[in-house]
Amino acid sequence: MTIYRVGVGNANASPTSALLLHILQDISGRVATICFAHRVGTALEPECKTYRLAADVFNDIAMILDCLSPGVPAGPARVIVLSTAGVLRALCGVAGGSSKASLSAHFARWGNLAELNAKDSSQETVISLFGMLVGSVVISHITSFTTTWLILLLLLSLHLSMNYAAVRAVQMTSLNRQRANIVFSALLDSDRSLALALDLDVGLSPTKTTSRKEWKFLTPAHVAKHERIFHRDGALQWTQHAHTAITHHLGSAQIGVSMSTFLAGPATKPSSGSRFGSMISASMSTFLGSLSRSSQQHLPLQRLSSVFANESYILFLVPSTGDSTNAEWHASIMLKRGCTVRHQLKAWAHALLAARVLGRMSMSSSAEAVLVVVEGTLGLLNADRRFEGYLVGLSGVGWDVDIAALETRGGRRVDVNVGF
């Protein structure tokens, strides 16, 4: 099949056309590698389970396109099919290699990463040899076109199913966005003193924590059963764990946004950058002087900077569609210079809690009303060092709260100098 597509068996084919086709495939694959790595490079480690399975999907689709190429008329159509297969195979290489490295680091519990990779390579070699032997036997007994395609699709389906089951079985100990949603929603639901404070009609006043033995800390094994392999990136979701897990979509969130994105709201996509994000130095007081009056009316920057003066982040929420009645909100989180992983987890938990409160309350979507909720929920998390207690409990059940896994795009850090 590979020989046929480069011109062997075709009297009108020339070595030059075969060479040009090979060059085109190689170029398209390399360009796809660069673009894909630039676009999702930061997300490959936090979402390693997603991209590990996606790599198998890319590879299997590329294999199907290769098998279809002999039936495609020679010319631009066949070139497009073969180039697409090359692109998908390149994407498989980036996604598979990077996610595999992250998973290998996860399984190397005693620092034996080299040994683990060596044994994994040996295992893949044995499986490949066994597959070649079985394939040689099977192909000698199959001559029908329909039977060939049925067997191919059956084996590919079996391949994806087994890889899906394998990925689902992995119990990651880092808190990415989806796992943070599941863990914090269960934890916040189980905190009775927090629930009592949230039920008050006025104030959202800080309340002392009651018995911390009542807090529900989900283990990595429990969360692995509920997380989805392919999920909505940046979603704020509240999962209630009763007899069955029920998930409520609260809105979306962006963490590590730039100043311009923070002011623009949910319509602006987060910009890309390096893994740790490029540092943006901007004096808040100087920047406020250049803002128009309308911008200051929509976003109370002075009060926000005062509320979050002792925090390593700044959070604000707006209705995701310009209407608070749909109970969906968009949270923008600016991270200050020196923000640690624990601060990022607090910012995400704060955004989740604030979106939950806003979604349950019948209130105006004005900036003043939202700021009251943001300030009140922050006070609840800080009361009696509540959130620090959360992190201690999560570490006790197996979570590594020092692994950065919330930023799936190149993040930004800002310097905030309050000079009002």
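Every number here is computed from the coordinates shown, using simple stated rules; none is lab data. None of the values given here were measured: they were computed from a predicted structure. Counting neighbours? That spans all protein chains shown, and the Cβs are built from the backbone with ideal geometry, glycine included.
Some points to look at:
- Protection proxy ranking of 113-125, 333-345, 162-174, by the mean of other Cβ atoms within 10 Å over each peptide's residues and highest first, is 333-345, 162-174, 113-125.
- Under-5 Å amide H pairs with GLN237, H placed in peptide plane, nonlocal only: LEU250
- Across segment 38-48, computed HN-Hα scalar couplings (Karplus, 6.51 cos²θ - 1.76 cosθ + 1.60, θ = phi - 60°) run 5, 6, 10, x, 5, 8, 5, 7, x, 10, 5 Hz from first to last residue, x flagging Gly and Pro.
- When peptides 178-189, 300-311 are ranked by their average number of other Cβ atoms within 10 Å per residue, the highest-first order is 178-189, 300-311.
- Using a Förster distance of 22 Å, the FRET efficiency for LEU160-ARG228 (Cβ separation, nearest 0.05): 0.90
- Sequence-distant residues sharing a close amide H with HIS330 (under 5 Å, placed H): SER252, VAL318, SER320
- Listed peptides 26-37, 91-102, 390-401 by packing density, highest first (mean Cβ within 10 Å): 91-102, 390-401, 26-37
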